[in-house]
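Each remark here refers to the structure printed beneath this line.
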Amino acid sequence: MTETALCRTEQTIEIDYMELDRIIGEEFNNDQENLIMILQAIQHHYNHLPRASLTYLSEKIGVPISQIYGVGTFYSSFSLEPKGRNIISVCLGTACHVRGGARLWERIQDILNVGPRETTEDMRFTLEPVRCIGCCSLGPVVKINEDIYSRVSQENIQKVLDGYH
Amino acid sequence: MVITKGFQAMQVRSIKDLEKIRQDYSKRLYHPEGITVNIGMASCGIAAGAKASFEKALERFPEGPGTEIHKTGCLGFCQEEPLVEIFGNGRPRVVYRHLSKDKILDAIEGYIQGDFNKKWILAQIRDPRSLLEEDMENPLAEIKPIEGIPFLEDIPFYNKQTKIALRNCGYIDPDRIEEYIAKGGYLALMRCLLNFAPPEIIKIIKQSGLRGRGGAGFPTGIKWESCAKLDGERYVICNADEGDPGAYMDRSILEGDPHSVLEGMLIAALAIGSNQGFIYVRHEYPLAVKRLVTAINQAEAYGLLGDHIGGTDFGFRVKISTGAGAFICGESTALMASLEGHVGRPRAKYVHTVEKGFREKPSNLNNVETYANVPVILLKGAQWYGNIGTEQSKGTKVFSLVGKVKNTGLVEVPMGISLREIVFDIGGGIPKKKAFKAVQTGGPSGGCIPEQFLDTPVDYQKLTELGSIMGSGGMIVMDQDTCMVNIAKYFLDFLKNESCGQCTPCREGITQMAEILADICEGNGKESDIRLLQELAAMINKFSLCGLGKTAPNPVLTTILYFRDEYEAHIKDHKCPAGVCKALFHYEVDEALCNGCHLCALKCPQEAITGEKKKLHHIDQEKCIKCGICYNACKFNAIGIQ
C-alpha cells in the first residue's frame with residue numbers, strides 16, 4: 001500500500017459497526033463459510049476493505065486475521081486500498097484481445113496516466129483489468145461501474161470516459 | 001408478477017398441476033391478446049443497448065392490454081443485438097436486429113399498424129416451439145408469413161444448430177417460472193419423483209452418453225453413480241465459475257433460463273440422494289446471480305424446491321455462493337475450498353471430490369450446461385439423445401463463436417460438426433476480406449488449430465488429438481492480423497497471474513515461459529528458445545499439481561507445432577509478420593495505394609502522419625506509437641506492416 005493511500009484510509013474511513021453487524025450477522029449468519037461473500041458486502045459498502053473492518057470481522061466469526069488477509073489478497077476483486085469514484089474494468093479476455101483490447105488497455109493507461117490497478121490522483125478513476133465479462137461477441141468491452149460499453153475503440157474511449165466525474 | 005421470497009403460490013403436486021400452469025401461461029408465449037414484444041436482456045443485450053430500448057418501450061407501452069413489453073434472455077446471435085421479437089394479433093413472429101432506443105418505438109408502432117419495417121428484420125420465425133413441445137401444434141401454422149423475409153431457422157447462423165441446452169434462451173422471461181413450466185419445464189423432475197427410482201435416473205443419464213460440458217468431459221452418469229454409492233450426507237454443486245476468457249454460454253443459460261439448471265440439479269440430487277445444493281457463480285456475472293435468486297424463490301414458492309418437493313418426502317435446498325475473481329476456482333477442489341470460505345487452492349486428487357469434496361463429504365460437481373441438458377434427456381430418452389453427435393461424444397455442445405469472424409454469438413451444434421462449418425457456414429467467415437489463420441478452442445488450457453485441420457469433426461477426442469481440448473466451448477477465430485507468438489504470450493501471462501502459486505513447476509515454470517515469450521516478442525529471442533520452451537512445457541505438464549499447470553503449456557506447444565515459422569520470423573528475422581509485437585515492425589505508407597484521403601492523419605492521436613490532401617502521406621517513425629488506428633482506418637490498405 002502506498003503511503004498516501006494508507007493516509008487516505010486511516011483518515012477518512014469511519015467504520016459503521018451497526019452496518020457491519022447487519023452484514024455479518026443478519027445477512028450472512030456469522031457463518032465462516034460465507035467469508036468471501038461477507039468481504040464482498042464490506043467492499044461494496046466501503047469501496048475497499050478497510051483494515052478495522054477486517055479485525056472486527058475476524059473476532060466476530062472466529063476466523064484468524066491472517067486467513068482473512070489471505071482471502072483478501074488472493075482473490076483479484078478485493079482491494080485493501082481505497083478505490084476511485086469510478087471503476088473502469090477493461091476486458092482482457094481472448095476475444096477482446098484479438099479485437100484490439102490490448103491496445104485499448106494501453107491507450108486508457110496513457111489517457112489517465114495510471115498503471116494497472118492504480119487510481120488517478122483526483123480519485124476519479126481506478127483502472128482494472130478483467131478477464132472476460134462474457135460479452136465476447138461485442139468486444140472490445142469496457143465496464144465502468146455497472147455500465148457495459150461494447151465495441152469500444154481507441155478513438156471513442158475518451159468520449160466514454162468524459163461521461164464520468 | 002415477480003415472486004419474492006416467502007410468497008406462496010399453488011403447490012405443484014402432480015403432472016396435472018404442471019399442465020394447468022402450462023395451459024395458463026402458454027397463452028402469453030404463443031397466443032397473446034394484442035401485441036407482445038420480447039426484448040433480449042441478457043448482459044450481452046444490455047451491453048448493446050437493450051436496457052435503453054426496454055425502458056423506452058415500457059414508458060410508451062406501460063403494462064396493460066394491447067401491447068405488452070417483456071424481457072427475455074439472449075437468442076444467441078449477439079452480434080445483432082439488441083434483438084427484439086414482436087408477435088401477436090395473428091401476424092407473423094418477427095425478430096428485429098439492432099433495435100436501439102431510437103428505433104424501437106417505430107418498430108413496435110409500425111408492427112401494430114401492419115408495417116413491418118422490413119429493413120430492420122433479421123428473420124421471421126417459422127415455429128417457436130422448443131423440442132419439448134412437439135405434442136402441441138405449431139401456433140404459427142395458420143399464419144401467413146411475410147414475403148421476401150427469411151425464416152430464422154433457415155438463415156446460416158441458425159440452420160445447423162440444434163438447441164437443447166439453449167432451448168428456452170431468448171424465448172421466455174427468465175424471471176417467470178410459469179413460462180419455463182409452459183415450455184415443458186419441471187415435467188422431467190415430476191416424472192422422476194413420481195415414476196423413477198434413483199438408479200433408473202442414473203441409468204438413463206449413463207446410457208445417454210452425456211459428458212461434462214465444463215472442460216474435461218467426464219461421463220456424467222458415472223460421476224453420479226459413484227457419488228450415489230457412498231453413505232451419509234452429500235452435496236450437489238453447480239460450477240458456474242465460467243473462467244475461460246472467450247466462453248460465455250453458462251452466463252447466457254443462467255441469465256436466460258435459470259430454471260433449466262435448477263431442474264437439472266434437482267434431478268441429480270434425487271438420483272444421488274442429496275438434500276443440499278450449491279451454485280458457485282463468478283462475481284463478474286451479477287445479473288446471473290440476480291436471476292438465480294429469483295428463480296430459487298419462485299421454485300420454493302411452487303413447492304418445487306425446499307422440503308416435500310412435489311408433495312413427496314424429497315427435500316432439496318440450493319444456496320448461491322459467489323466467487324471473487326480467481327480463474328483457478330473453476331477447478332473442482334479449488335472451487336470447493338472457495339465454497340468453504342478459503343483461499344482457492346487446489347489439492348492433489350488421490351481422493352476424488354465425488355468421495356471427499358466440500359466439507360470432506362461426497363460432492364457431485366457438474367457445470368451449468370451439463371445440468372441444463374439433464375431434463376431434456378429424461379423427457380426425450382437416452383436413445384434419442386444418443387442419436388445426436390458422434391460415437392464417443394453424444395449430444396450437442398454450445399460454443400461461443402467470437403473473435404475475427406463475421407457472425408459472432410452462441411451456437412449450439414451437434415457434436416461431430418466440422419470446425420469449417422462452424423467458422424465459415426455459421427460464422428460467415430472472416431470479416432474485411434482478411435485471411436483465416438487459426439481457431440483457438442478450450443481457453444487457456446487449449447490450443448490454436450490451423451487451417452489444414454478445419455475439416456476435423458468437433459468432439460472431445462478429435463480436439464485432443466490436435467493438441468487442443470474441447471474445454472468449456474470458447475471458440476476464438478483469429479485472422480492474419482493475429483500474431484501467434486503474442487497469443488501464446490497472452491495465455492501464459494494470463495496463467496502466470498492466475499496460478500495459485502503453491503506448486504513450483506506451475507508458479508516458476510509458467511513465469512519462465514512467459515518471460516522467454518516476452519523476450520521473443522521484444523526482439524530478444526534466441527534460437528535455442530523454442531527448444532527451451534518445449535522442455536519447460538514437458539516439465540510443467542508432468543509435475544504440476546492440478547489441471548491449470550498441467551495444461552498451461554498447450555497454447556505454446558500448439559503454436560510452435562503449427563506456426564513455427566512465426567516464432568522463427570520473430571527470433572531470426574526480428575520481424576512480427578502480423579504487425580502486433582511493437583518492437584518488431586513499423587507502419588509505412590504504400591506509395592502505390594495511398595490516394596491522399598487524409599483520413600489516417602486526422603485519426604492519428606500522435607499527429608505522426610503528415611501530407612497534403614490528394615498527395616502521398618508520410619509517417620514520422622519517431623512520433624508513431626504503433627497504436628494501429630491508421631492501419632484499421634485506411635480504406636485503401638495503403639498502410640503496410642514492415
Review point. Counting just the residues of the stretch B:143-162 that are of a type outside the set (G, A, S) and without any contact (Cβ under 8 Å) to a residue 40 or more places away in the chain, which one comes out farthest from B:L83 (Cα to Cα)?
Key: B:E147
Check your understanding: Which ones in the stretch B:224-255 are part of a helix (DSSP H, G or I) and either surrounded by 24 or more Cβ atoms within 10 Å (Cβ to Cβ) or not acidic (D, E) (or both)?
Key -> B:W224, B:S226, B:C227, B:A228, B:M249, B:D250, B:R251, B:S252, B:I253, B:L254, B:E255
**Study point:** Enumeration of residues in the stretch B:302-323 that are crowded, with 21+ Cβ neighbours inside 10 Å and in contact with a Lys or Arg (Cβ under 9 Å, 6 or more places away or on another chain)
**Key:** B:L305, B:G310, B:T322, B:G323
Check your understanding: Does at least one position in the stretch B:450-471 carry a residue that is within 14 Å of chain A (Cβ to nearest Cβ) and buried (at least 21 other Cβ atoms within 10 Å of the Cβ)?
Key -> yes
Review point. Would it be correct to say that B:V261 is part of a helix (DSSP H, G or I), surrounded by 24 or more Cβ atoms within 10 Å (Cβ to Cβ) and either polar (S, T, N, Q) or more than 14 Å from chain A (Cβ to nearest Cβ) (or both)?
Key: yes
Practice item. Could you tell me whether the stretch B:96-108 includes any residue that is touching a residue at least 24 places away in the same chain (Cβ under 8 Å), within 14 Å of chain A (Cβ to nearest Cβ), among the charged types (D, E, K, R) and in contact with a helix residue (DSSP H, G or I) (Cβ under 8 Å, 6 or more places away or on another chain)? Key: yes
Practice item. Can you confirm whether the stretch B:317-340 contains a residue that is over 28 Å from B:G243 (Cα atoms), more than 10 Å from every other protein chain (Cβ to nearest Cβ) and of a type in the set (G, A, S)? Key: no
Exercise for review: Taking only the stretch B:250-282 into account, find how many residues are under 15 Å from B:R234 (Cβ atoms) and of a type outside the set (A, V, I, L, M, F, W, C).
Suggested key: 5
Check your understanding: Quick check, is A:Q32 within 15 Å of B:E340 (Cα to Cα), free of Cβ contacts under 8 Å to residues at least 60 places away in the same chain and not assigned by TED's automatic domain parsing to the domain that holds A:N113?
Key -> yes
Exercise for review: Go through the stretch B:584-605 and count every residue that is within 30 Å of B:D519 (Cβ to Cβ) and acidic (D, E).
Suggested key: 1
Exercise for review: State all residues of the stretch A:115-158 that are facing chain B (nearest Cβ under 10 Å), assigned to a helix (DSSP H, G or I) and either among the β-branched types (V, I, T) or surrounded by fewer than 19 Cβ atoms within 10 Å (Cβ to Cβ) (or both); if no residue qualifies, say none.
Suggested key: A:Q158
Study note, to complete from the structure: Filter the stretch A:98-109 for residues that are more than 23 Å from B:V477 (Cβ to Cβ) and under 20 Å from the mean Cα position of the chain (by Cα); the one that is surrounded by the most Cβ atoms within 10 Å (Cβ to Cβ) is A:I108
Point to revise | Qualifying residue in the stretch B:239-248 (condition: away from chain A (no Cβ under 14 Å) and at pLDDT 95 or above) | key: yes
Review point. Considering B:I164, B:I125, which residue is surrounded by 17 or more Cβ atoms within 10 Å (Cβ to Cβ), outside the structural domain of B:T72 (by TED's automatic domain parsing) and touching a strand residue (DSSP E or B) at 6+ places or on another chain (Cβ under 9 Å)?
Key: B:I164
Point to revise | Residue list for the stretch B:603-619, restricted to those being in a loop (DSSP other than H, G, I, E, B) and more than 43 Å from the chain's Cα centre (by Cα) | key: B:G611, B:E612, B:K613, B:K614, B:K615, B:L616, B:H617
Practice item. Quick one: which residue in B:C576, B:C600, B:C594 is over 36 Å from the mean Cα position of the chain (by Cα) and part of a loop (DSSP other than H, G, I, E, B)? Key: B:C594
Practice item. Go through the stretch B:274-302 residue by residue and tally those that are part of a loop (DSSP other than H, G, I, E, B) and more than 14 Å from chain A (Cβ to nearest Cβ). Key: 3
Practice item. May I ask you to list the residues in the stretch A:35-60 that are among the polar types (S, T, N, Q) and touching a helix residue (DSSP H, G or I) at 6+ places or on another chain (Cβ under 8 Å)? Key: A:S53, A:T55, A:S58
Review point. Would you call B:A165 assigned to a loop (DSSP other than H, G, I, E, B) and more than 19 Å from B:F87 (Cα to Cα)?
Key: yes
Practice item. Go over the candidates A:L104, A:L161, A:L80 one by one and state the one that is aliphatic (A, V, I, L, M), within 17 Å of A:L49 (Cβ to Cβ) and more than 8 Å from every other protein chain (Cβ to nearest Cβ). Key: A:L80
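The values are calculated or read from the model by the stated rules, or taken from the named source; none is laboratory data. Computed from a predicted structure; not experimentally measured. Positions of Cβ are generated from backbone atoms using ideal geometry, with glycine treated the same way; all protein chains shown enter the neighbour counts.
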